[in-house]
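Colleague: Handing you a structure now.
The values are calculated or read from the model by the stated rules, or taken from the named source; none is laboratory data. Bear in mind that the values here come from a model prediction, so they are computed numbers and not experimental data. Glycine also receives a Cβ, built like all others from the backbone with ideal geometry; neighbour counts cover every protein chain displayed. Ligands, DNA and RNA are excluded from the accessible area calculation, which covers all protein heavy atoms including side chains. Shrake-Rupley method; radii C 1.70, N 1.55, O 1.52, S 1.80 Å.
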Amino acid sequence: MNVEFLGGAREVGRSAVLINGELLLDYGMKSGTPPGYPVGSVDPEAVVVSHGHLDHVGAVPALLSGDERPTIHWTPPTRELAMTLARDTLKLHGGTYGCPFTETELRRLTQVSETHDYGESFTAAGHEITLYDAGHIPGSAHVLVDDGETQLCYTGDFHTGHPDRGQRLVTPSTARPDADVVICESTYSDTEHDPREQVEERFAESVRRTLWNGGTVVVPAFAIGRTQELLLVCEAHDVDCYVDGMGKEVTEMCRRHPSFVRDGDALDRAAGHARFVTGRDGQRERIAAENTAIVTTSGMLSGGPAMSYIPEIRADPTNLIAMTGHQVAGTPGHELLDTGRAEIDGRVMAVSARVEAYDFSAHADRRGLLAFLDSYRDATVLCVHGDRCPAFADELQEEGFDASAPERGERVDL
């Protein structure tokens with residue numbers, strides 16, 4: 001088996017791994033100005049997508065521009081999330097370098113799509129494929145690839161943890177399929193997350209205190225996974241909230257696939273507890289003046305309805321902006337946490353409202369990564385999807401693993 005890393009190697013973003021020149025695992029984008037795409041030209045026979053986040057699926061429609069169109073394999077939620085993201089990318093950036101495909105390619109995506117449940121084996125580009133629940137977002141999967149000689153497990157993004165005290169939205173990954181090679185994400189290889197119940201309690205207490213004092217809370221959250229997690233947290237702690245942005249559509253999608261979430265009834269209750277914002281007739285400005293919490297995109301303050309809410313609440317120190325996800329350097333969210341100022345909707349604004357950060361990560365931390373890899377001490381481990389992949393590979397070598405960190409564009413023969 002040979003493996004070529006077209007993206008996601010020694011970086012976070014544009015994940016793309018080519019197996020035996022024919023089978024492509026993921027084909028994502030890297031956020032930025034301009035955005036980044038996988039390197040080289042590729043014409044795969046089939047594509048398997050691990051999950052529906054932009055950095056893993058964002059460029060998939062671009063593969064459908066030629067006459068030979070690969071079949072795209074994924075779980076049902078991943079298919080819906082991919083379509084949602086593609087429509088949004090086309091709406092915001094169509095006809096520019098920020099969108100590598102057209103409406104034509106997007107329509108073709110539905111024609112070549114095949115969906116699969118967890119544990120269902122199928123054949124793609126001559127390889128036997130099986131998807132396993134990765135515990136990251138609804139529909140996320142570990143991808144097991146068998147070419148008849150070598151078994152490779154591509155982890156995608158995954159989350160481990162206590163089955164009763166992890167994320168509310170999805171259960172943690174417990175699958176450990178037999179594999180000779182593991183391509184493992186390493187996003188939080190140097191971080192240990194606080195126990196989720198402690199993070200929740202701190203978040204809920206701060207929000208309740210702000211509301212009690214008459215303030216407004218804006219909760220920037222990623223549309224996919226994080227918004228739904230925060231709605232579940234708000235319902236569990238009886239926190240009044242609105243939901244705005246793409247997270248509304250994604251929430252309804254998740255409700256259509258109850259078998260891919262931890263508790264479909266709980267998600268229904270959480271959606272019923274929240275009020276969905278239409279944004280018509282100055283609604284957002286009125287909501288910003290209410291004594292309430294607003295869960296809204298974007299999670300890094302780089303667009304979305306958050307651009308309406310932040311200017312309205314920024315000047316009052318009674319108010320709270322509760323950041324709930326990792327803030328990439330150079331984004332407005334990162335600048336706000338660092339300096340108390342940020343460029344919001346084209347204007348640099350000083351923010352007097354309190355700004356707090358909460359780690360609701362859906363990735364395995366260092367302990368989770370090591371616990372997962374403990375089942376693969378006899379396998380070859382290739383570390384990807386992280387800012388310190390070589391350092392993590394060195395640390396694994398010290399623990400007796402056969403580990404390395406391939407570079408973008410590198411081909412590894414196994």
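Colleague: Could you pull the accessible area for residue 147 with a 1.4 Å probe, rounded to 10 Å²?
Modeller: 40
Colleague: Which value, in debye to the nearest 20, gives the size of the charge dipole of segment 1-80 about its Cα centre, when Lys and Arg are +1 and Asp and Glu are -1 at the Cβ?
Modeller: 280
Colleague: Accessible area per residue for the chain in Å², computed with a 1.4 Å probe and the full protein assembly in place, what is it?
Modeller: Dividing the accessible area of the chain by its residue count gives 40 Å².
Colleague: For the chain, what % of the accessible area comes from carbon and sulfur atoms, probe 1.4 Å?
Modeller: Of all accessible area on the chain, carbon and sulfur atoms account for 43 percent.
Colleague: A follow-up question, please. Output ³J(HN,Hα) for segment 11-18: one whole-Hz value per residue in order, computed from phi by the Karplus curve 6.51 cos²θ - 1.76 cosθ + 1.60 with θ = phi - 60°, and x for Gly and Pro.
Modeller: Couplings: 6, 10, x, 6, 4, 6, 10, 9 Hz.
Colleague: Can you pull the one-decimal nm distance between simple spin-label points at residue 375 and residue 212, each 7 Å off the Cα toward Cβ?
Modeller: My value for the distance between the label points is 4.4 nm.
Colleague: Just report the Cα centroid separation between segment 125-165 and segment 176-203, whole Å.
Modeller: Segment 125-165 and segment 176-203 have Cα centres separated by 15 Å.
Colleague: Would you mind checking segment 101-115 for residues with the amide N under 16 Å from a putative spin-label position 7 Å along Cα→C-beta of residue 71?
Modeller: Taking a point 7 Å out along Cα→Cβ of residue 71, the residues of segment 101-115 whose backbone N falls under 16 Å are 109-115.
Colleague: Considering the dipole of segment 1-158 built from charges on the beta carbon (Lys and Arg +1, Asp and Glu -1) around the Cα centre, which of 152, 100, 64 is farthest to its positive end?
Modeller: The Cα lying farthest towards the positive end belongs to 100.
Colleague: Of 133, 55, 238, which has the most accessible area and how do the rest follow, probe 1.4 Å?
Modeller: If we order 133, 55, 238 from most to least accessible, we get 238, 133, 55.
Colleague: Quote the convex hull volume per residue of segment 147-202, based on C-alpha atoms, as a whole number of Å³.
Modeller: Value for segment 147-202: 100 Å³ per residue.
Colleague: Within segment 216-244, list the residues whose amide N lies under 19 Å from a label point set 7 Å along Cα→Cβ of residue 201.
Modeller: Within reach of a label on residue 201, which here means backbone N under 19 Å from a point 7 Å along Cα→Cβ, segment 216-244 contributes 233-239.
Colleague: If packing is taken as the average count of other Cβ atoms within 10 Å, what order do 38-49, 217-228 fall into, highest mean first? Can you show the working numbers first?
Modeller: Working: 38-49: 19.3, 217-228: 28.4.
Highest to lowest by the protection proxy: 217-228, 38-49.
Colleague: Something else: Taking amide H positions as placed in the peptide plane 1.01 Å from N, state which residues far from residue 294 in sequence (5 or more) or on other chains have amide H under 5 Å from it.
Modeller: HN-HN under 5 Å from residue 294: 217, 218, 219, 242.
Colleague: Once you have the Kirkwood Rh of segment 271-410 from its Cα pairs, apply Stokes-Einstein at 25 °C and 0.890 mPa s and quote D in µm²/s.
Modeller: The Stokes-Einstein estimate is 135 µm²/s.
Colleague: Residues of segment 82-114 with amide nitrogen under 15 Å from the 7 Å Cα-to-Cβ point of residue 252?
Modeller: 84-85, 88
Colleague: Put a dot 7 Å past each Cα toward the Cβ at residue 387 and residue 316; how far apart are the dots in nm?
Modeller: Each label point lies 7 Å from its Cα, and together they span 3.4 nm.
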